[in-house]
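First up is the structure itself, then whatever we jot down about it.
The values are calculated or read from the model by the stated rules, or taken from the named source; none is laboratory data. For clarity, every value in this text was computed on a predicted model and none was experimentally measured. Every residue, glycine as well, gets a Cβ built from its backbone with ideal geometry; the counts of neighbours run over all protein chains shown.
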Amino acid sequence: MIEKILNNKLLFIGIHIVFGFLGTLPLFPKLYGSLVIIIPVVLIYLSQNNNEEAFILAAYIAGAEVFIRMTKGFILYETGKYGVILFLVLGILFGKYKQVFSLQYIFYILLLLLGIVFTQVPEGESIRKAIVFNLGGPIGLGIAAIYFYKRPIKKQEFFNALFFMLLPLFSMVTYMYFKTPDLKEIVFHSEANFVTSGGFGPNQVATAIGLGMFVLVVFIASKTKLSGFLFLDAIFLIYFSYRGLLTFSRGGILAATISIILFLFFYSLYKKVSIKILTKYIFIGGFFLVAIWLYTSNITGGMLDNRYAGRNKIGVKEDITSGRLDIIQVQFNNFLEYPLGIGVGNGKYERQKSIGKVTAASHNEVGRLLEEHGIIGFFILIMLLTVPLFNFLRGDNFQKAFIISFYVIWFLTINHSAMRIAIPGFIYALSLIRITDYEEET
């Protein structure tokens, strides 16, 4: 089944665009949400993970999670994270590869679980939900890191996984198109826009779209077959960029932009691209970037410019962090006051005492680790930051292009969207792999 999809990429892109439309209908989302769990389990078992089916299918559900959430296709809200964990665990159990178990990531998971000891939530609140909401993503990162640590992945298998990750993102942007009313009817402000984000959280949507932008650039830059037509791949990239800007959520788009620049820099070094050719590509890319920005800004009445400049609808400067800085300050104060941590999930309720109007969970995983896990959280953070860097230093420019890009996507994402979806944890783990079977080209 996987091979059939890979041999008919344009056809299955079209099928997933149709899925996006079907997502607007009543019955399809639940059916799709169930099948993306059931079918992969069967395929991984039958294949015994001989060709990295666990990796490929975990990549698919990581890419599909936001789309299925926005269409209410999952029975349990955190099913996307559970799916990634399940597929990779099955891959470890059935795979022929002798797993290189990383003691630091096993230790990391155990340290995370220690924070549960201090968990206390107000009467009427669910301890289970508080723990799952806050630890689902970090534990998913740990399982993925155990799977990918020093794991040799063939270049073709790696690109196959990126393609599978991209497929459901086509469904998502298509769904957003059908769920968004006529843009002329929308009154744009300088806040993240739920209406243009398919009625779902713009932060998560922009993160997923940003990932799609990055993957499309990888396929285009490496001249790897996607649709089979370069101009069509470019159109896909333009449309993804346009939909991402329309969400008015900056984090995911800025993370994608920075990671794309880093990827192209190291990939150009690997390919030994001449200054003349590089200048031509920069000019072409810059032209389309400016054109997309001006077009989207015009549609939004200039509000897009205000949003990215940190100004409100009348052009007055405001808190560019949208209140996140206040939350981080409280988190840091709690870290200093409670060096052993306040317990998993307790941060939200502590902030309600300190900042009456702030009731949302943390958007910053760094702050959450320090506040809820204390000194242990600090050591967890240092470990997460340093281990991929050793892999980066060992790699050549081809390896570095991907390692640094995944590393940056993870770090920037957890600083504006925490780990509410599976993408950042899964992407982090990809910075630990060793891509094989590629040839040095001059």
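So that you can scan it fast, the table gives a plain yes or no per residue for (1) at pLDDT 85 or above; (2) in contact with a helix residue (DSSP H, G or I) (Cβ under 7 Å, 6 or more places away or on another chain); (3) over 23 Å from GLN120 (Cβ atoms):
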| site | (1), (2), (3) |
| --- | --- |
| LEU304 | yes, yes, yes |
| LYS317 | no, no, yes |
| LEU325 | no, no, yes |
| PRO339 | yes, yes, no |
| ASN346 | no, yes, no |
| GLU350 | no, yes, no |
| ILE355 | no, yes, no |
| ALA361 | no, yes, no |
| GLU365 | yes, yes, no |
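Which members of segment 171-203 meet the condition of being farther than 14 Å from THR71 by Cα and in contact with a His (Cβ under 6 Å, 6 or more places away or on another chain)?
Selection gives nothing.
I'd like to know if segment 46-69 contains one or more residues that are hydrophobic (A, V, I, L, M, F, W, C), exposed (fewer than 15 other Cβ atoms within 10 Å of the Cβ) and part of a helix (DSSP H, G or I). Lay out the reasoning, then the answer.
Looking only at segment 46-69, we keep the residues that are hydrophobic (A, V, I, L, M, F, W, C), and these are 46, 54-59, 61-62, 64, 66-68.
Cutting the leftovers down to exposed (fewer than 15 other Cβ atoms within 10 Å of the Cβ) gives us 46.
Applying the additional criterion that residues be part of a helix (DSSP H, G or I) yields 46.
The answer is yes; a qualifying residue exists.
One residue is enough: does segment 172-185 have a residue meeting the conditions under 27 Å from ASN7 (Cβ atoms) and not aliphatic (A, V, I, L, M)? Steps first, answer last, please.
Our first condition is that a residue be under 27 Å from ASN7 (Cβ atoms); within segment 172-185, this holds for 172-175.
If we keep only those that are not aliphatic (A, V, I, L, M) too, we end up with 174-175.
The answer is yes; a qualifying residue exists.
Of SER241, SER197, SER249, SER190, which residue is at pLDDT below 90, closer than 22 Å to SER297 by Cα and crowded, with 20+ Cβ neighbours inside 10 Å? So that I can check it myself, show each step before the final result.
On the way: SER241 fails: at pLDDT below 90; SER197 fails: at pLDDT below 90; SER249 fails: at pLDDT below 90.
Going through SER241, SER197, SER249, SER190 in turn, the sole match is SER190.
For segment 263-282, give me each residue that is aliphatic (A, V, I, L, M) and either over 15 Å from GLN399 (Cα atoms) or surrounded by fewer than 17 Cβ atoms within 10 Å (Cβ to Cβ) (or both). Working first, answer last.
In the first step, residues of segment 263-282 are kept if they are aliphatic (A, V, I, L, M); the result is 264, 269, 273, 275, 277-278, 282.
Within segment 263-282, LEU269, VAL273, ILE275, ILE277, LEU278, ILE282 meet the criteria.
For segment 240-293, give me the residue count where each residue is of a type in the set (Gly, Ala, Ser) and either without any contact (Cβ under 8 Å) to a residue 12 or more places away in the chain or over 27 Å from THR180 (Cβ atoms) (or both).
Summing the residues that are of a type in the set (Gly, Ala, Ser) and either without any contact (Cβ under 8 Å) to a residue 12 or more places away in the chain or over 27 Å from THR180 (Cβ atoms) (or both) in segment 240-293 gives 5.
Results for (1) without any contact (Cβ under 8 Å) to a residue 24 or more places away in the chain; (2) not small (Gly, Ala, Ser), shown as yes or no for each residue.
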residue: GLU3; (1), (2): yes, yes
residue: PRO40; (1), (2): no, yes
residue: GLY63; (1), (2): no, no
residue: MET70; (1), (2): no, yes
residue: LYS81; (1), (2): no, yes
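When you scan segment 258-270, how many residues do you find that are under 12 Å from LEU211 (Cβ atoms) and among the hydroxyl-bearing types (Ser, Thr, Tyr)? Lay out the reasoning, then the answer.
Restricting attention to segment 258-270, the residues satisfying the condition of being under 12 Å from LEU211 (Cβ atoms) are 259-260.
With among the hydroxyl-bearing types (Ser, Thr, Tyr) added as a condition, the list becomes 259.
Result for segment 258-270: 1.
Is it fair to say ILE15 is surrounded by fewer than 18 Cβ atoms within 10 Å (Cβ to Cβ), touching a residue at least 60 places away in the same chain (Cβ under 8 Å) and within 28 Å of PHE229 (Cα to Cα)? Steps first, answer last, please.
Values: surrounded by fewer than 18 Cβ atoms within 10 Å (Cβ to Cβ): yes; touching a residue at least 60 places away in the same chain (Cβ under 8 Å): no; within 28 Å of PHE229 (Cα to Cα): yes.
No; evaluated as a whole, the condition is false for this residue.
Take the conditions modelled with pLDDT under 95, touching a Phe, Trp or Tyr at 6+ places or on another chain (Cβ under 7 Å) and among the hydroxyl-bearing types (Ser, Thr, Tyr) and apply them to TYR428. Does it pass? First the steps, then the outcome.
Working: modelled with pLDDT under 95: no; touching a Phe, Trp or Tyr at 6+ places or on another chain (Cβ under 7 Å): yes; among the hydroxyl-bearing types (Ser, Thr, Tyr): yes.
No; evaluated as a whole, the condition is false for this residue.
Scan segment 1-34 for residues that are among the hydrophobic types (A, V, I, L, M, F, W, C), within 14 Å of PHE178 (Cβ to Cβ) and in a helix (DSSP H, G or I) and jot them down. Walk me through it before giving the result.
To start, the set of residues in segment 1-34 that are among the hydrophobic types (A, V, I, L, M, F, W, C) comprises 1-2, 5-6, 10-13, 15, 17-19, 21-22, 25, 27-28, 31.
Narrowing the set further to residues that are within 14 Å of PHE178 (Cβ to Cβ) leaves 17-19, 21-22, 25, 28.
Hits for segment 1-34 are ILE17, VAL18, PHE19, PHE21, LEU22, PHE28.
Take the residues of segment 78-96 that are surrounded by 15 or more Cβ atoms within 10 Å (Cβ to Cβ) and in a loop (DSSP other than H, G, I, E, B): which is modelled with the highest pLDDT?
Within segment 78-96, the first condition is being surrounded by 15 or more Cβ atoms within 10 Å (Cβ to Cβ), and the residues that meet it are 78-92, 94-95.
With the extra rule that they be in a loop (DSSP other than H, G, I, E, B), the set shrinks to 78, 95.
On the way: GLU78: 91, GLY95: 78.
Only one residue tops the list, namely GLU78.
Taking the criterion of being surrounded by 19 or more Cβ atoms within 10 Å (Cβ to Cβ) and either part of a helix (DSSP H, G or I) or at pLDDT below 90 (or both), would at least one residue in segment 283-293 satisfy it? If you could, list the steps in order and put the result at the bottom.
Step one: list which residues in segment 283-293 are surrounded by 19 or more Cβ atoms within 10 Å (Cβ to Cβ), which gives none.
The answer is no, given that none of the residues of segment 283-293 is surrounded by 19 or more Cβ atoms within 10 Å (Cβ to Cβ) and either part of a helix (DSSP H, G or I) or at pLDDT below 90 (or both).
Quick one: how many residues across segment 149-193 are part of a helix (DSSP H, G or I), of a type in the set (Phe, Trp, Tyr) and under 20 Å from the mean Cα position of the chain (by Cα)?
Initial filter on segment 149-193 (part of a helix (DSSP H, G or I)): 155-179, 183-185.
Pick out the ones that are also of a type in the set (Phe, Trp, Tyr) and you get 158-159, 163-164, 170, 175, 177-178.
Add one more test, that the residue is under 20 Å from the mean Cα position of the chain (by Cα), and what stays is 158-159, 163-164, 170, 175.
Residues that pass the stated criteria total 6.
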